[in-house]
1. Take the stretch 202-227 and flag every residue that is assigned to a loop (DSSP other than H, G, I, E, B), within 14 Å of ligand 1 (Cβ to nearest atom) and not small (G, A, S).
2. Just a yes or no: is a residue in the stretch 302-310 in contact with a strand residue (DSSP E or B) (Cβ under 6 Å, 6 or more places away or on another chain), within 30 Å of E34 (Cα to Cα), free of Cβ contacts under 8 Å to residues at least 24 places away in the same chain and not basic (K, R)?
3. Among (1) over 26 Å from L78 (Cα atoms); (2) within 16 Å of ligand 1 (Cβ to nearest atom); (3) touching a Ser or Thr at 6+ places or on another chain (Cβ under 7 Å), where does L199 come up short?
4. Yes or no: the stretch 2-11 includes at least one residue that is out of contact with any helix residue (DSSP H, G or I) (no Cβ under 6 Å at 6 or more places or on another chain), under 21 Å from L178 (Cα atoms), within 16 Å of ligand 2 (Cβ to nearest atom) and hydrophobic (A, V, I, L, M, F, W, C).
5. For A81, which of the numbered conditions (1) out of contact with any His (no Cβ under 8 Å at 6 or more places or on another chain); (2) more than 15 Å from ligand 1 (Cβ to nearest atom); (3) of a type in the set (G, A, S) fails to hold?
6. Residues to consider are L98, L69, L91; find the one that is under 29 Å from the mean Cα position of the chain (by Cα) and away from ligand 2 (no atom under 16 Å from the Cβ).
7. Of all residues in the stretch 337-367, count the ones that are in contact with a strand residue (DSSP E or B) (Cβ under 8 Å, 6 or more places away or on another chain), more than 20 Å from G405 (Cα to Cα) and part of a loop (DSSP other than H, G, I, E, B).
8. In the stretch 19-41, how many residues are assigned to a loop (DSSP other than H, G, I, E, B), touching a Leu at 6+ places or on another chain (Cβ under 9 Å) and surrounded by fewer than 22 Cβ atoms within 10 Å (Cβ to Cβ)?
Amino acid sequence: MHTHVVILAAGKGTRMKSAEPKVLHRVAGQPLIEHVLTCAATVRPRTTTVVIGHQAEALTSALAGYEGLTFVVQEPQLGTAHALMTTERTLAKQTGTLVLLSGDVPLLKPETLQRLVERHHTTRAAATVVTAIVDDPRGYGRIVRSGQQIARIVEQKDASQAEQEIREINSGIYAFALEGLFDAVRSIAAENAQNEYYLPDLVAIYRERGAIVETVTVSNPDEIRGINSRIELAAVSRIVRDQKTAELMASGVTIEDPATTYVDTAVTVGTDTVLRPGTSLEGHTTIGRGCVVHSGVRIVDSRIGDRVTILNHCVITHATVADDASIGPFAHLRNDADVRAKAKVGNFVELKKTVLGAGSKANHLAYLGDATIGEQVNIGAGTITCNYDGVTKNQTVIEDGAFVGSDSQLIAPVTIGKGAYVGSGSTIRDDVPPGALAVSAGKQRNLDGWVARKKSSGQKAKG
Ligand code: UD1
Ligand code: CA
């Protein structure tokens, strides 16, 4: 039997108080809707339809990278049943099972979807609802049962005092038989506290007709948490982070303070690496074994080798750091910065599109951009590659074993040859041959007694 997925994502998300569509808010570095799409893909749907409305363009452009999605626009947004109705034309000729997901429920597990579909098929149900039993059901629709059977779902705002006591809630995730579905949904009325067309009303409609309605109850209610507010967004983020840090610790990573350690889902960390408090590892970052990442470090989409030390407050984005290198404190590596084995990048050093060769050192205060630096090079404090002439970015090449004295400006394009020396305070406009010493600062003059003369002339002016 074919499976089709519909994801509802047209709602305003009023409670988020945001200019952004709710489903583009991020959990563990990824928009809510992408979490849902990843899970949906595991049931191998024949079609996947996303219902959008509020800020439709923002959503379609954010999801442009996904293949095989159909977008339908729901305008205005009159409730979840109305949202499903907008997919009628798209799904008219399809048969089989429709799995309906909410764009704001990001933690659903593939195993649960699997269970939902299996249960739905084996019981030959018209509808199957995923439910959970929670301590605090406020805000959710409640599952009203008669005997064992689900009878209907009542929304928080329409629930009687007694119904509000019910702790079994509707997850907003369902499987439906496509056969007759849209005709049944069409009969839902908007006679409720919010004057909206509620999809959960379908349960009562089917039950009154004697159709089979089943439920699947998840054992861990965190899975079906919906996000309606920023408080819920933070709570769900916390759950995902706790899962990730627990996994890493189980695999042999020391995390000194999991509460302040932020590791995105796709990040990998090798054994015996230590993450000190307040570190942030984001995107597709990989970190090797035996590293120490000190407090205040943020690493995004970067590859870090084994036994690397990253001292406090470094920002490392789209960069590579090889084995046994040492970075920071207060270093900034970005855009393809490539620090090779045993190299050292010290405080207040920025690298952009630059290779720093094996064993080379830039220990203090330097800007190295668009540069290829060989092995065993020493970059003195205050060195700047002047890579930008106002129009184009130019390359600096510093060959193996060169020594660049402090406070030098290397005006690109320029090459410092193998083993060459650049005297402190030089402005280097021309290539330096291998083995040469380049000095550009003028000869020093000392003016004897100058200070005393200046002071006495100043006193005369005042008097
Ligand atoms: C909904 C359910 C509730 C359930 C809860 C689980 C209804 C009426 N209630 O409530 O029983 O416990 O989810 O999280 O369905 N949407 C549209 N178009 C609309 C309205 C909503 O696409 O016109 C989308 C939203 O973007 C969202 C989803 O449907 O992704 C759920 O809507 P929301 O308003 O968040 O419903 P809840 O009040 O959370
Ligand atoms: Ca919701």
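1. Residues of the stretch 202-227 that are assigned to a loop (DSSP other than H, G, I, E, B), as a first pass: 209-212, 219-220, 225-227.
Filter again for within 14 Å of ligand 1 (Cβ to nearest atom), leaving 225-227.
Correct list: R225, I227.
2. Within the stretch 302-310, one or more residues are in contact with a strand residue (DSSP E or B) (Cβ under 6 Å, 6 or more places away or on another chain), within 30 Å of E34 (Cα to Cα), free of Cβ contacts under 8 Å to residues at least 24 places away in the same chain and not basic (K, R).
3. Only one criterion in (1) over 26 Å from L78 (Cα atoms); (2) within 16 Å of ligand 1 (Cβ to nearest atom); (3) touching a Ser or Thr at 6+ places or on another chain (Cβ under 7 Å) is unmet by L199, namely (1).
4. Checking the stretch 2-11: at least one residue is out of contact with any helix residue (DSSP H, G or I) (no Cβ under 6 Å at 6 or more places or on another chain), under 21 Å from L178 (Cα atoms), within 16 Å of ligand 2 (Cβ to nearest atom) and hydrophobic (A, V, I, L, M, F, W, C).
5. (2)
6. After ruling out the rest, the residue left standing is L69.
7. 3
8. Adding up the residues that qualify gives 1.
The values are calculated or read from the model by the stated rules, or taken from the named source; none is laboratory data. What you see is a predicted model; the values in this text were computed from it and never measured. Cβ sites come from the backbone with ideal geometry, for glycine too, and all protein chains shown count toward neighbours.
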